[in-house]
Amino acid sequence: MHIDFLSNHPQKIKEVSEMIYQEFVLKTESGLTFDDVVKHFSNTKHNEFPITLVALENGECLGTVSIFENDLKIRGMYRPWLASLYTKPEYRSIGIGQRLVARTIDVAKDLGFKELYLRTEDSSDYYRKLGWTFVETVSDGKNENIDVFKINCMESN
């Protein structure tokens, strides 16, 4: 398995879009269409935001993760953000997510960022185990608590 920028694999844009649309967009009721998501991923880069990485093996996309300048409008002082970590269900629990996270930290570091942030509603324990530091819990205005975490890119693996 190797991890690369989605921008180097444009043939995977629709597949990644489908994963993220089903897992994140539909659940948030944001109003984004599938075409909106495809357009977003069609514009990802490798050296400026948004950045999307894919885990590939034998031509198959096993998972994805992105880096956004901001993933929580009420916390604009934090940047950049790891976002939309997703591994296909049949490939979970074998370290793909961890490798995607580690590569994301490396990319943020390579871009000169000392810290990387993320938000989660239900995976705080997972990120704690990976060495992320809890920053705060905020409300999104929909009666849902969001945990914010950060990691020091300079000290990470």
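The values are calculated or read from the model by the stated rules, or taken from the named source; none is laboratory data. All figures in this text were calculated on a predicted structure; none of them were measured in a lab. Backbone-built Cβ (ideal geometry, glycine too); neighbour counts: all protein chains shown.
Just a few scattered comments:
- Scan region 1-44 for residues that are among the charged types (D, E, K, R) and in contact (Cβ under 8 Å) with a residue 24 or more places away in the chain and the total you get is 5.
- For region 105-121, the count of residues that are modelled with pLDDT of 95 or more, in a helix (DSSP H, G or I), surrounded by 16 or more Cβ atoms within 10 Å (Cβ to Cβ) and among the hydroxyl-bearing types (Ser, Thr, Tyr) is zero.
- Residue pairs meeting the criteria (Cβ under 7 Å; at least 6 apart or on separate chains; first more than 28 Å from residue 139 (Cα to Cα), in region 53-74; second at pLDDT 95 or above and surrounded by fewer than 12 Cβ atoms within 10 Å (Cβ to Cβ)): 56/2
- Single residue of region 75-85 satisfying the filter (within 19 Å of residue 46 (Cα to Cα) and free of Cβ contacts under 8 Å to residues at least 60 places away in the same chain) that is surrounded by the fewest Cβ atoms within 10 Å (Cβ to Cβ): 79
- Whenever a residue of region 86-99 is in contact (Cβ under 8 Å) with a residue 60 or more places away in the chain, its partners that are aliphatic (A, V, I, L, M) and in a helix (DSSP H, G or I), lying with C-beta atoms within less than 9 angstrom and at least six residues away or across chains, give the pairs 86/16; 86/19; 86/20; 86/100; 88/19; 88/96.
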